[in-house]
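Below is one structure, written out as structure tokens; comments come after it.
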Amino acid sequence: MTFPETDRERAWTAGVGAAVLALVVGSVLFYDTVYGGFVWHYFWGPVYADAHGAACAAWNGGSPVLIDSTVQCAQATEPVAYPGYTLVSEVGYMVTLIVMLSGVVFLLDRLKVGENRRLLFALLPFVFFGGALRVVEDANDAIGGSAVPYPWNSFIISPLIYFTVFFVAVGALVLAVWLARRDYTDDFYRPLAAIGSTVLAASLAYLGYLAATTDHVHFLPVFTILTIGIATVLAAAIYKGADAFAPEINYGTGVAGAVVIWGHAVDGVSNVIGLDWGGELGYPNGDLVPKHPVNSAVIDLTQQYVPGSITAVIGDAWGFLLLKLVAATFVVWLFNDDLYEENPRFAVLLLVAVLAVGLGPGTRDMLRATFGI
């Protein structure tokens, strides 16, 4: 049976097509300004530099040059792209995420699935998988790029890794629904979770193999144990405290909201442990360094306004943990029954997205420390 395209789907397709067309035409007509100064500078350039393990990459009139010295990077002619994120790229990824979520809602509408919060739990392994897969590339860099050479490693570096994990998850969802509708399984949630768990286990097994066979990857389980343990205690305390003193916070999400808060707690705790206590816990390169502009900004503010005598004792990354817990709790509180009843599939996917933007990076930071890379 075929379903006619709805007005919303036509509008989404037209909007995405127009945006892509504008970027393509702009990049062709104004190569240096649109492509070099925007697309390459903020999106592809950081991937290119990261994939080659360089300190930065200079546009150089359309013939990018890789630079290994931070001093030379500072002296290079702009645009210069550095591995990692910028505020511009993070906003771009956020907009892309929202657009992709809308497209997935149309897919779920056609499949007539996804209105149950069980989808969040079924997709949880894929969120872990995204963080673990990114650490595979970190490990690849540590061993000299021999395992996943360029350009293939670009697909497991931000932002392309988001698309990689997205298409793996969507493909798994379609397969799981197919299995359920042919009565191979009672529902699609279990095979979906099983597929996610399988790809996650494969990533972790590969990291374990590298830890056992190379000198550049280690195994320090204390980081995972502490991160998961502390994050679980914090999320449980917030969930139980909200039930007792502000039940409206949990009213619209229930246990699913607690999972979202827990995912952001993992992000915050992994940063505190890795950035402030990495060296003390055995991380071979001392303390980790922040990978996100927001994290770096919070640490800078903490160092600026909190006396050094205090940060010397408790560290300077705890402000990021507090921000994550407060923000996640606030977002969970916004998910009321009206939002769920108006568009349950979009509400569930939005919960998944909120979880992913916390637990995904948190998993990467946790596993980077755990495998000493």
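General remarks:
- Here His218 sits with roughly 70 square angstrom of accessible surface, probe radius 1.4 Å.
- Accessible-area value, Ser102, 1.4 Å probe, nucleic acids and ligands omitted, Å²: 30 Å²
- Accessible area ranking (1.4 Å probe, heavy atoms, ligands and nucleic acids excluded), largest first, for Phe330, Phe163, Phe126: Phe330, Phe163, Phe126.
- Against the criterion of solvent-accessible heavy-atom surface with a 1.4 angstrom probe, Leu322, Leu29 sort, most first, into Leu29, Leu322.
- Lys, Arg +1 and Asp, Glu -1 on Cβ, resulting dipole of region 231-373 about Cα centre, debye, nearest 20: 340 debye
- Residues of region 221-338: accessible area per residue with a 1.4 Å probe, Å²: 48 Å²
- Computed packing ranks the peptides 365-373, 82-90 as 365-373, 82-90, most packed first, by mean other Cβ atoms within 10 Å.
- In percent, rounded to a whole number, the relative contact order of region 57-161 is 17, using alpha-carbon pairs under 8 Å and six or more apart.
- With contacts taken as Cα pairs under 8 Å at a separation of at least 6 residues, the chain carries a relative contact order of 20 percent.
- GNM top mover of Thr164, Thr33, Thr363 - the chain, alpha-carbon springs below 10 Å: Thr33
- Ratio of Rg to Rh over the chain (Cα coordinates, Kirkwood Rh, two decimals): 0.97
- Take 51-59, 226-234 and order them by the average number of nearby Cβ atoms within 10 Å per residue, most first; the result is 51-59, 226-234.
- Counting every alpha-carbon pair across region 136-255, the share separated by more than 21 Å comes to 63%.
- Sequence of Ile225, Ile67, Ile310 from largest to smallest accessible area, 1.4 Å probe: Ile225, Ile310, Ile67
The values are calculated or read from the model by the stated rules, or taken from the named source; none is laboratory data. Just so it is clear, the model here is predicted, and its values are computed rather than measured. Using ideal geometry, Cβ is built from the backbone for each residue, glycine included, and neighbour counts are taken over all protein chains shown. Quick note on the areas: whole protein, heavy atoms, side chains included, nothing else; ligands and nucleic acids left out. Shrake-Rupley method; radii C 1.70, N 1.55, O 1.52, S 1.80 Å.
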